[in-house]
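To start, the structure under review is shown below, and the notes come after it.
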Amino acid sequence: MEKSTGRKGNPIWGTLASVKLAVFLLITLAITSIIGTLIPQDEPLQLYLEKYGPNLFKIITALRLNDMYHAWWFTGLLLAFSLNLIVCTINRFPITLKIYKRDNLSHDFDYLSRLPLKKEWELTPDMQKKANGAIADTFKRIAGKVKERQKDDGGNIYMAEKGKWSYWGLYGLHSSILIIFIGALVGLFWGFKGYVELFEGEATDHIVDRYTYENLPLGFQVRCDKFTVDFYDNGAPKKYVSDLTILENGKEMLHKAIKVNSPLTYKGITFYQASYNSVPEISLHISSSDGKQGSFVVPAMEKVTWPDGRLSLGIIQYLPDIHGEPAAQVWVASARGDTDTIWLLKNHERGFHIGGNVYKISLVDAKNRYMTGLQVKKDPGVWIVWFGCTALILGFVVVFWVAHTRIWLWIGPKNGKTVVLLAGQTNKNQIGFESEFIKLSDAIDRTIGDKA
């Protein structure tokens, strides 16, 4: 990255092409990324308030440090760095193109003789006739594809070149970084993150957005056929697995049992096993003074009616262990609007009067009903990011390991003698290139010696 040479009169262009700006943006992105690692991301706001206190909480929420990678200022840093990269690339392009198009056969003997890596031979008139063609053939055989030209000074120049295209590796490197940024922005603006909780047998065609808490339609249904959770002896969860089925227009399209680190993906939407929850479910037996009786299940957060809508019941509170037995507080309401609350202990019958009738009610059984917690993610830019990362690795390989090497062989008259000059130049891997140069030099030595 270099400062502008062709647009020196434009201070804005010069600033955007500045190496200092690039370094500043890279350091700023690195520091903010560290902050994003230290501060938990996408957690409930209450967690930040409890962990960092009210003063830091105000700063975190104002700067969106709890969701830093979606914050406007972080996106602005990425866009500024992208613009800096584009301007630097445009600035450097004419220089690279000039280097790529330069005529490497235009060099004369004096230029080649000034190169650090060279070797020179002088041929006698008898050796010249025998060795000239053989030396060129040896050069072509070992050096590979060779270009040649007859010079105005009466000499012949031969050149073998490798890795000339590597000058474009830097542009591949710059482009790959931009591709990664584009993929991240595609995921940011056209993807989503959400969650959903499902009981066994429950299906849904929408999820809740993680940031806005709005319902997001899936375009299909996901159903939890079975959910199992295993615990360690200390009560900590050991493993939880959800058997999920994807339904579209009432037809089963896909089925998979998912667990942590083994998600289900359908139409670019991925369901991860993230958590679980449990809610109480109680079984009641009730009888009325008019002779009606029955048993039924009351799930938490639901209203149950019995019989014929004359009585409604729901759970207010559940305690799993009261003197060794589960207990529940239930609310009851009659069709006329009369209400009452009753505490029930398992296998202990209670009576109550409501709506003109006398009822007896007992808690037959109680248990926790588990629901699976699924994290749902859609990121259409993920493949763009992966492509950019692959291109980035290849770009680094080209920039740091692929060398542009040039080897010249000049044969011609010089100061009344026939001179053979071998010279070479590389921009990388000097030691490896010198080894190849010595190999070629030794081969020419043998050719001259054989023809002497």
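The values are calculated or read from the model by the stated rules, or taken from the named source; none is laboratory data. Keep in mind that what you see is a predicted model, and the values were worked out from it rather than measured. Glycine also receives a Cβ, built like all others from the backbone with ideal geometry; neighbour counts cover every protein chain displayed.
Remarks
- Filtered by the rule that a residue be more than 28 Å from the chain's Cα centre (by Cα) and of a type in the set (D, E, K, R), the stretch 15-58 gives Glu50, Lys51, Lys58.
- Qualifying residue in the stretch 367-390 (condition: in contact (Cβ under 8 Å) with a residue 24 or more places away in the chain, buried (at least 17 other Cβ atoms within 10 Å of the Cβ), in contact with a Ser or Thr (Cβ under 9 Å, 6 or more places away or on another chain) and farther than 27 Å from Tyr240 by Cα): yes
- Number of residues in the stretch 320-335 that are in a strand (DSSP E or B) and farther than 19 Å from Ala366 by Cα: the value is 2.
- The strands (runs of 3 or more DSSP E) found entirely in the stretch 345-452 that carry 3 or more residues being within 30 Å of Lys292 (Cβ to Cβ) are 350-354, 357-378.
- Applying the criterion of being at pLDDT 85 or above and closer than 17 Å to His353 by Cβ to the residues of the stretch 293-313, the residue that is surrounded by the most Cβ atoms within 10 Å (Cβ to Cβ) is Leu311.
- Pick from the stretch 392-425, criterion among the polar types (S, T, N, Q) and touching a residue at least 60 places away in the same chain (Cβ under 8 Å), ranking: nearest to Gln150 (Cα to Cα): Thr418
- Filtered residues of the stretch 203-215 (kept if free of Cβ contacts under 8 Å to residues at least 40 places away in the same chain and closer than 22 Å to Tyr240 by Cα): Thr204, Val208
- Enumeration of residues in the stretch 410-440 that are of a type in the set (Ser, Thr, Tyr) and either touching a Phe, Trp or Tyr at 6+ places or on another chain (Cβ under 8 Å) or surrounded by 18 or more Cβ atoms within 10 Å (Cβ to Cβ) (or both): Thr418, Thr426
- Qualifying residue in the stretch 206-223 (condition: of a type in the set (Asp, Glu) and over 21 Å from Met371 (Cα atoms)): no
- Residue within the stretch 70-81 that is closer than 30 Å to Glu161 by Cβ and part of a helix (DSSP H, G or I) present: no
- Condition check for Ala62: on the phi < 0 side of the Ramachandran plot, loosely packed, with under 15 Cβ neighbours inside 10 Å and within 20 Å of the chain's Cα centre (by Cα): no
- Across the stretch 176-186, not a single residue is classified as over 15 Å from the mean Cα position of the chain (by Cα) and either at pLDDT 90 or above or of a type outside the set (Phe, Trp, Tyr) (or both).
- Looking across the stretch 295-322, the residues that are under 53 Å from the mean Cα position of the chain (by Cα) and either hydrophobic (A, V, I, L, M, F, W, C) or farther than 29 Å from Leu198 by Cα (or both) come down to Phe296, Val297, Val298, Ala300, Met301, Val304, Leu313, Ile315, Ile316, Leu319, Ile322.
- Number of residues in the stretch 147-166 that are crowded, with 17+ Cβ neighbours inside 10 Å and modelled with pLDDT of 90 or more equals 8.
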